[in-house]
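J.: My structure is below; once you've seen it, I'll send some questions.
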Amino acid sequence: MQKLALISVSDKTGLTELASGLINNNYKILATGNTSKRISEAGIEVMEIAELTGFPEIMDGRVKTLHPKIFGGILLRRDNEVDQKEAKENQISPIDIVCVNLYPFINVTSKEDVDLDTAVENIDIGGISLIRAAAKNHKFVSVLTSPYQYEKFLEELSKDEITEETKRKLAVAAFAHTSEYDTYIANYFESRFKLEPKNIRINLPLDQNLRYGENPHQKAGIYGKFSDHFELLHGKELSYNNIFDLVSAVELVEELGENSCTIIKHSNPAGAATGKDFFDAYEKALKCDPVSAFGGIVTFPGTVDEKLAEKLNEIFLEVISAKDYSEGALTVLKKKKNRRILKQLKSVRNEKKSMKSIPGGVVVQDWDFTGLIPEKISVPTSKKPDENELEDLYFAWKIAKHTKSNAIVFAKDKATLGVGAGQMSRVDSVRLAAMKAKEYGLDLKDSVAASDAFFPFADALLEIVKNGATSVIQPGGSVRDEEVIDAANKSNISMLFTGIRHFKH
């Protein structure tokens, strides 16, 4: 008896090869309109589903497979006497293979300015029902949802029978496929209609396996579309730790803007600067902590030229990321075999939420894209910062925002001089930042300093003043603000309150 296979695909990749293979294995093919047309044009015998059901496709193809003869043929339990009896009474033939891929809702709605009607018309109804029905009855039915499955499936089919293990794997892949599709649709419409989600749906495909996680004994992988943001031009794949450092570096350099450079080590700035060009910015950033820069991540929001590439080659930098590279720059940079060279394809600032795993779930928050808010800024001290100090204060504030708490940043001429990060005490962060600056011969006299959170006491501020800073930027909001303001006035320095905090844990 000739067996039945149903095909209804939006993505026609590999379609004729699949249809030909099924015919060669004694299957009769049922197909929906456009799929049937493509198969027929290839000279392969095919029956349109309407011929089997006796019911035409209607409503511009919205209704074509939703029929008892189709779903009965898929859901028929071959070892169930009642099912067998009812199938015979209703002239339902078993369908043993179902090949469906869905309307391209994800691709269509990823385009800018897609209208609502177009989005709605790309929601698959019959297809997703066919997949679920076949996957549910996988004991008897094989379900294919991707052209990548065709070749291996046909190889096994030619050996006379599809194994139970293969059917189970195909069913699991099918359920995962429909889950991803439904998740994307729900997320899309919540976002489009500006509705607050009641559930966080995380359904991301494996982008790539990593060699290991933070340490060699930990397995790790990237899920989602990280590879859409960066192209690896040279070197081995990124490590788990490289990825987090890279994201930290690019987030900061995107905030600093044109002619900027960041050097990141363990997700903290080892140096950052804005200069007259990228070469100048890199030189200024490198002076902050040239020892920590060794093996670090360096980023630029533009094109790296050959002159800059030669300078970058003077020390070992594990990862370099830029919007582009001149041909000469790539030739120079590729001389270092163990270095990764990345081309940034998309901004990393387009995500809306950040998530961290906790026992039993995740903590979700908005990304901290907030910059300085003019109406919240105040100058509580008698002395006001001059124009140059203001520029440096705003620069230092951006660096502090991207530095692990407690964060203290000394800066001058739009370049970091010392960074204190991740200390349990804010005073210790000041001392660490000052110590690093002095270690590399950088003078903190007439510098400015930024603190990611308010000073709970005046001690950290006085430590900053002792090291030569003439102006400080901090959120304010401490119950001891007056004590801190008094200390600033007595020290004859200026101070800005931003009215906003930037903890980073």
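J.: For the stretch 449-466, in order, what is each residue's ³J(HN,Hα) by Karplus, 6.51 cos²θ - 1.76 cosθ + 1.60 with θ = phi - 60°, in whole Hz (x at glycine and Pro)?
T.: 9, 10, 10, 5, 9, 5, 8, x, 9, 7, 4, 5, 4, 5, 5, 5, 4, 4
J.: Let me ask something additional. Considering lysine pairs in the stretch 153-236 that are 8 or more places apart or on different chains, how many have Cα atoms under 29 Å apart?
T.: 10
J.: A further question follows. Translational D (Stokes-Einstein, µm²/s) of the stretch 385-466 at 4 °C and 1.567 mPa s when Rh comes from the Kirkwood sum over C-alpha pairs? Walk me through the intermediate numbers first.
T.: On the way: Rh = 12.2 Å.
Answer from the Stokes-Einstein relation: 106 µm²/s.
J.: Pairs of Cα atoms under 8 Å, at least six residues apart: use those to get the relative contact order of the chain, whole percent. Intermediate results must be reported in sequence, preceding the final value.
T.: Details: 987 pairs, mean separation 43.0, N = 505.
Taking the mean separation of contacting Cα pairs over the length of the chain, I get 9 percent.
J.: Determine the gain in length on full extension of the stretch Asn34-Lys334; use 0.36 nm per residue of separation and subtract their C-alpha separation, reporting nm with one decimal.
T.: Additional length available on full extension: 103.1 nm.
J.: Taking a cut-off of 13 Å between Cα atoms, list the aspartates and glutamates near Lys356, but don't count ones fewer than 8 places away on the same chain.
T.: Within the straight-line cut-off, Lys356 pairs with Asp366.
J.: Compute the Rg/Rh shape ratio of the stretch 449-505: radius of gyration over Kirkwood radius, all on alpha-carbon atoms.
T.: On the way: Rg = 10.4 Å, Rh = 11.2 Å.
Here the Rg-to-Rh quotient is 0.93.
J.: Relative to the Cα centre, what is the charge dipole magnitude of the chain, using +1 at the beta carbon of each Lys and Arg, -1 at the beta carbon of each Asp and Glu, and rounding to the nearest 20 debye?
T.: Numbers: 66 positive and 73 negative charges, 218 e Å.
I would put it at about 1040 debye.
J.: Separate question: If you project the alpha carbons of the stretch 189-236 onto the principal axes, what extent comes out on each, in Å, largest first?
T.: 43, 28, 15
J.: Cα-Cα pairs above 17 Å in the stretch 82-147: how many percent?
T.: For the stretch 82-147, the share of Cα pairs beyond 17 Å comes to 57 percent.
J.: I would also like to ask the following. In whole percent, what relative contact order does the stretch 221-344 give with Cα contacts below 8 Å and a gap of six or more residues?
T.: 26 percent
J.: Note the per residue figure in Å³ for the convex hull of the C-alpha positions in the stretch 221-344.
T.: 88 Å³
J.: Right, something else. Could you tell me which of Ala449, His402, Pro380 has its Cα farthest along the dipole of the stretch 374-497 towards the positive end, charges placed at Cβ (Lys, Arg +1; Asp, Glu -1), taken about the Cα centre?
T.: Working it through, the farthest residue towards the positive pole turns out to be His402.
J.: Could I ask something else about it? Quick one: 3J(HN,Hα) in Hz for the stretch 40-56, Karplus 6.51/-1.76/1.60 with θ = phi - 60°, rounded, Gly and Pro as x.
T.: 5, 4, 7, x, 10, 5, 8, 10, 6, 4, 4, 5, 6, 7, x, 10, x
J.: If you compute Cα extents along the principal axes in Å for the structure shown, which of (1) 64, 59, 43; (2) 97, 52, 42; (3) 137, 84, 48 do you land on?
T.: (2)
J.: Across the stretch 348-422, what fraction of all alpha-carbon pairs, as a whole percent, falls in each successive 5 Å bin from zero upward?
T.: Distribution as computed: 3, 12, 16, 19, 19, 14, 8, 6, 3, 1, 0 percent.
J.: Where the centre of each part is set by its Cα atoms, how far does the stretch 1-16 sit from the stretch 57-129, in angstrom?
T.: Centre-to-centre (Cα) distance: 13 Å.
J.: Let me ask something else. Give me P(r) over the stretch 3-192, computed from all C-alpha to C-alpha distances, binned every 5 Å, as integer percentages.
T.: 1, 8, 16, 19, 21, 16, 10, 5, 2, 1, 0
J.: Calculate how many DSSP beta bridges within the chain are antiparallel, expressed in % of all such bridges and rounded to the nearest 5.
T.: Here the share of antiparallel DSSP bridges comes out near 50 percent.
Since every read-out is calculated from the coordinates, none of them should be taken as a lab result. Since the structure is predicted, the reported quantities are computational estimates derived from the model, not experimental observations. With ideal geometry, Cβ positions are generated from the backbone for all residues, glycine too; neighbour counts draw on all protein chains shown.
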